[in-house]
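In what follows, a structure is listed as structure tokens, so that the remarks can point back to it.
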Amino acid sequence: MDFLSNTGNPYNYYPNTAIGLCAIAYDDVAEIPPAVKSQTGLDVIWGPAELTGWLGVAYSLVYLASNPATGETWVVIRGTNPDSLYSWLDEDFDLSPTPAFNTLPGCPPGAPDTALISQGTFNGMSDLIHLRDPATGTSIVEFLHAADPDFIYVTGHSLGGTLCAPLFAYLNAMLNGPGPANSMALWSFAGLTPGGVGFNTYFNTVLINDQGFLWRLQNSLDIAPLMWWSRPRIEHIYDAHDLHWGIAEWAPIDHLFATAQATGIGYSQPQTGLLMPGQFDDSIIDRNLWAAQAMHQHHTATYQKLVRAHYPVTSPPQSACA
């Protein structure tokens, strides 16, 4: 996992590049490659590939970006498309049943039957696995197997952050077989819990905790990373700012937490995360709208500011050079 000594980039480059790539993933498909090039210096080498519903609304998108000089390839998962009902209901909030990770397409080797994930995570992962590059027709696994990059990084925000750990484990299993990941890393932002304690136990065998940095980055004022393991923290998250939720917020959240608890798998976050101190936004037009504050705290732009503050970059990174 000690990729830093081989790439020449300081560590702060990585979380900043990761959240930048995540923000670009929300752009229109045609705009992603030039934005990646101009903002990061990386080249899009696969995709963007997306799946759309019958109304043409996209609900799943991934692209791969590379730095040939360092042999690094990024796998970037887009978060929830707010216009896609499928994204919300069948990926973010589909908590039951809880299929086994090893029943995903391809049956990733080495994953035990006890590694249970939410149905939404299973759906989201299945979508990612079935995506094909418009140019080559290859899947993510097929492309990475042929390209054989020196380093593979996985990143995503929101739904993309939820799917980071499962996709990381899946890619390791399919490309390298059972056992710990080598020459791989991930940075996850604002992700919900992908599964229960059984999946987390398995993930700990894939990504050993002694990797030298915390990969799961969380805004302290963002409710998403608290789903589905800490309802009380969500309820009181803005109490210090005299902002309290109403029935429009607590009723659906209570229902979803009850569904998660009824599965009995112990929804929890995989491994320890970095809690970045959030900044309450008093400038929101309706200061008393709980949902508006929650959406602001979850946004990629908010995460970009927090990452820059926590991991300042003072010089151009190697990967930004043409």
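The values are calculated or read from the model by the stated rules, or taken from the named source; none is laboratory data. Keep in mind that this is a model prediction, so the values were computed, not measured. We place every Cβ from the backbone using ideal geometry, glycine too, and count neighbours over all the protein chains shown.
Residues in the range 224-234: is at least one in a loop (DSSP other than H, G, I, E, B) and over 19 Å from Thr263 (Cβ atoms)? Working first, answer last.
Within the range 224-234, the first condition is being in a loop (DSSP other than H, G, I, E, B), and the residues that meet it are 227-230.
Next, only the ones that are over 19 Å from Thr263 (Cβ atoms) stay: none.
No: zero hits.
Evaluate the range 143-152: report whether one residue or more is without any contact (Cβ under 8 Å) to a residue 12 or more places away in the chain, under 23 Å from Ala69 (Cα atoms) and of a type in the set (A, V, I, L, M, F, W, C). Yes, that holds for at least one residue. The lone criterion from (1) more than 23 Å from His310 (Cα to Cα); (2) charged (D, E, K, R); (3) surrounded by 13 or more Cβ atoms within 10 Å (Cβ to Cβ) left unmet by Asp286 is number (3). The set of residues in the range 54-108 that are without any contact (Cβ under 8 Å) to a residue 40 or more places away in the chain, under 30 Å from Ser5 (Cα atoms) and within 17 Å of the chain's Cα centre (by Cα) contains only Tyr63. Scanning the range 295-322 for residues being more than 16 Å from the chain's Cα centre (by Cα), at pLDDT 55 or above and loosely packed, with under 14 Cβ neighbours inside 10 Å gives a total of 4. If I filter the range 198-220 for residues that are closer than 26 Å to Asn81 by Cβ, touching a His at 6+ places or on another chain (Cβ under 6 Å) and either among the aromatic types (Phe, Trp, Tyr) or assigned to a strand (DSSP E or B) (or both), do I get at least one hit? No, that holds for no residue.
Condition (residue is within 24 Å of Ile117 (Cβ to Cβ), hydrophobic (A, V, I, L, M, F, W, C), in contact with a Lys or Arg (Cβ under 6 Å, 6 or more places away or on another chain) and modelled with pLDDT of 95 or more) applied to the range 238-260: is it met by at least one residue? Explain how you work it out, then say what you get.
Step one: of the range 238-260, the residues within 24 Å of Ile117 (Cβ to Cβ) are 252-260.
From what's left, hydrophobic (A, V, I, L, M, F, W, C): 253, 256-258, 260.
Still in the running and in contact with a Lys or Arg (Cβ under 6 Å, 6 or more places away or on another chain): 257.
Next cut, modelled with pLDDT of 95 or more only: 257.
For the range 238-260, residues within 24 Å of Ile117 (Cβ to Cβ), hydrophobic (A, V, I, L, M, F, W, C), in contact with a Lys or Arg (Cβ under 6 Å, 6 or more places away or on another chain) and modelled with pLDDT of 95 or more: present.
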